[in-house]
Amino acid sequence: MLGPDEFVINLLVEQGQITAEQVADANRNASSWRCSSPQALIRAKIITARDVAIGRAMVSEVPFVDLDNYEIDVQVASLLPRTLADKAVALPLFNVGDVTTVAMADPLDLGIVDRLRSVLRSDVVTVLAEPEQLRTAIERVYSLMGSRPMAREAAAEAAATASFTGRNVEQDPIVAAVNQIIGRAAEEGASDVHLSPDEAELCLRYRIDGILVGRQGPPLSNHPALVQRLKVMANLDLTQSRRPQDGKFRFPWNGRTLDVRVSIIPTVYGENVVLRLLSGSHGLRRIEDLGLHPVVAEEFSGLVHRAHGMLLATGPTGSGKTTTLYTALSELNSPERHCVTIEDPVEIRLPLVRHVQVNAEIGLTFATFLRAILRQDPDVILVGEIRDEETARIAIQAALTGHMVLSTLHTNDAPGAVARLMDFQCPAFAINAALTGVMGQRLARRVCTSCAVPMPPSPSLLKRFCAGDSTGQFRVGRGCPQCGGGGYRGRLGVYELMVMQPVIRAAVEKSASAALIRRIAIESGMNPMWADGTDKARMGLTTLEEIARIAAGMDLEDSAASLVTVGEAGRAAA
Ligand SMILES: [Zn+2]
């Protein structure tokens, strides 16, 4: 009977990764080297440990996890006693409800899986990782537990030791100041924190809803210590203050974990720090929460759940494209699907998803990663952005060969995506066969609910966007402490979803202009972005002023021209 090693070897032969002769050699070497045949192949440098692990995952029918690209959650990992982790070569990765996902070198060892189940007191789902990576990760997790006060045992120990000498991390004023700065930023919903020293003071600013606002900062004299603390948190070089550095860390806040990216740049007055607060996977929304019109939400969900194809989000920087794509990705993420993201930089982390980061300086571009990843049998690929011909072509090819490809393009509106792909020399027939839909979007500021009052819009805006029709609950924020006096708090998405229908495909086939494709898309039911925004203003969620602001750059002439059509299409749909 064949053992798991033979199955793996047969698979590798079938895939053409090794030849029968190499297997015969390996079998001979295996007995003299006293190792398994796959190990003999690795030692002879015919294949890598990774190839074997991926093969093993396939024959075991469990997902493969690359731990090098996975941020280990020490709290979950440390639920397993070290002795068992070492013995089983296993590491818990994350925990959802009463199911723990555990990375193992040999997930088919059911005795060990049973043991894990009873020790973790939860059901266990296994994924497979390279044994070497697992051992390194286990080593790291338990050494971190030993040195960091956040580990439970160490914390209990510290609490028990009344005469805790030296720097008590919890009470250190610098630590407290940093925690307060980040905690307050999270509370106020800031996306970035700027800590900038100048001659006389330390300037602290938060970016809230896209706008920088000043806050009372710590004294300038604390600046070097604050920077040191942030460097410690982000694992940066403490001795280096003359070169830009960047890194990231995880910050526990209100029962959630925030991913914080740190960028430090030397200036004449000292090191300038920018922290970007990324929503961890907890902040992710479901499709219903994106604020799409129910009909559009249903269409979008339909596109996301297609077996393959390319789904794009378009808009300028800061229009919420990443959130839309990640919402789609988390909808698809499950242990049965191999999901990969290629980003620059990695913004949001999801359990089970492999995130890789582009580094153009060392030749790791979107295109090189995409090509490499396609050899690893992914189901879903999120490409942060399509910026060049090569990436566009490989992404389309991936969509045509049975993969689900999610990506963004920097274009003004949804129909513009087709024109951009053509600029990238993608042939019309390939675009038509691969592309399933494009979501165009912007973010509009949300009227502050604490100080909102009914207010009709100005006649000129009403004329421009609503054809003079003032029905609805138009509102503005008067300004209150909750919104810092600005009348807006938070943001909401304004969308247009172009579903690739036969009429649109026919236009693409004839190389129609972006404007014509837009017209046809609207005629066949796409509710344009500005109309979605106008609806949201009518509901009092935002204002026509905001829609006018974000409409800059949109083809308004075209929008105005199609006003009547849209109104009719809208009524017909309703
Ligand atoms: Zn307010």
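Residues of the range 1-36 that are closer than 17 Å to Ser60 by Cβ and not charged (D, E, K, R): Met1, Leu2, Gly3, Pro4, Phe7, Val8, Ile9, Asn10, Leu11, Leu12, Gln15, Ser36.
When you look at Thr323, is it of a type in the set (Val, Ile, Thr), out of contact with any Pro (no Cβ under 7 Å at 6 or more places or on another chain) and in contact (Cβ under 8 Å) with a residue 12 or more places away in the chain, yes or no? Before the answer, list the steps.
Working: of a type in the set (Val, Ile, Thr): yes; out of contact with any Pro (no Cβ under 7 Å at 6 or more places or on another chain): yes; in contact (Cβ under 8 Å) with a residue 12 or more places away in the chain: yes.
For Thr323, the condition - of a type in the set (Val, Ile, Thr), out of contact with any Pro (no Cβ under 7 Å at 6 or more places or on another chain) and in contact (Cβ under 8 Å) with a residue 12 or more places away in the chain - is met.
State which residue is surrounded by the most Cβ atoms within 10 Å (Cβ to Cβ) when the search covers only the range 458-487 and only residues that are among the hydrophobic types (A, V, I, L, M, F, W, C) and more than 7 Å from the ligand (Cβ to nearest atom). Before the answer, list the steps.
Keep residues of the range 458-487 that are among the hydrophobic types (A, V, I, L, M, F, W, C), which gives 461-462, 465-467, 474, 476, 480, 483.
Add one more test, that the residue is more than 7 Å from the ligand (Cβ to nearest atom), and what stays is 461-462, 465-467, 474, 476.
Details: Leu461: 18, Leu462: 18, Phe465: 24, Cys466: 21, Ala467: 12, Phe474: 21, Val476: 21.
The residue in question is Phe465.
Name the single residue, out of those in the range 205-254 being over 23 Å from the mean Cα position of the chain (by Cα) and in a strand (DSSP E or B), that is modelled with the highest pLDDT. Looking at the filtered set, the residue picked out is Arg205. Ala417 passes every criterion in (1) modelled with pLDDT under 85; (2) buried (at least 20 other Cβ atoms within 10 Å of the Cβ) apart from (1). Residues that are at pLDDT 80 or above and charged (D, E, K, R) number at least 1 in the following strands (runs of 3 or more DSSP E) confined to the range 272-385: 339-343. Residues in the range 489-500 that are outside any loop (DSSP other than H, G, I, E, B) and more than 8 Å from the ligand (Cβ to nearest atom): Gly490, Arg491, Leu492, Gly493, Val494, Tyr495, Glu496, Leu497, Met498, Val499. Here Ala186 clears all of (1) outside the structural domain of Val260 (by TED's automatic domain parsing); (2) modelled with pLDDT of 65 or more except the condition numbered (1). The set of residues in the range 502-535 being of a type in the set (S, T, N, Q) and either touching an Asp or Glu at 6+ places or on another chain (Cβ under 8 Å) or part of a helix (DSSP H, G or I) (or both) consists of Asn527, Thr534.
Residue by residue, here is whether (1) assigned to a loop (DSSP other than H, G, I, E, B); (2) touching a helix residue (DSSP H, G or I) at 6+ places or on another chain (Cβ under 9 Å); (3) assigned by TED's automatic domain parsing to the domain that holds Pro107 holds:
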residue: Leu12; (1), (2), (3): no, yes, no
residue: Ile18; (1), (2), (3): yes, yes, no
residue: Glu21; (1), (2), (3): no, no, no
residue: Arg56; (1), (2), (3): no, yes, no
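Taking the criterion of being touching an Asp or Glu at 6+ places or on another chain (Cβ under 7 Å) and assigned to a helix (DSSP H, G or I), the only residue of the range 390-428 that qualifies is Ala428. Scanning the range 61-80 for residues that are under 29 Å from Leu116 (Cβ atoms), buried (at least 18 other Cβ atoms within 10 Å of the Cβ) and of a type in the set (S, T, N, Q) turns up at least one hit. Scanning the range 421-457 for residues that are within 16 Å of the ligand (Cβ to nearest atom) and of a type in the set (Ser, Thr, Tyr) yields a total of 2. Just to be sure, is Ala506 modelled with pLDDT of 95 or more and surrounded by fewer than 22 Cβ atoms within 10 Å (Cβ to Cβ)? Here the answer is yes, as Ala506 does meet what is asked.
Among the residues of the range 20-35, is any buried (at least 17 other Cβ atoms within 10 Å of the Cβ) and hydroxyl-bearing (Ser, Thr, Tyr)? No; the residues of the range 20-35 include none that is buried (at least 17 other Cβ atoms within 10 Å of the Cβ) and hydroxyl-bearing (Ser, Thr, Tyr). If you go through the range 181-194 and keep only what is surrounded by 19 or more Cβ atoms within 10 Å (Cβ to Cβ) and touching a Gly at 6+ places or on another chain (Cβ under 7 Å), you end up with nothing.
The values are calculated or read from the model by the stated rules, or taken from the named source; none is laboratory data. This is a predicted model, so every value here is computed, not measured. Note that we place each Cβ from the backbone using ideal geometry, even for glycine, and neighbour counts take in every protein chain shown.
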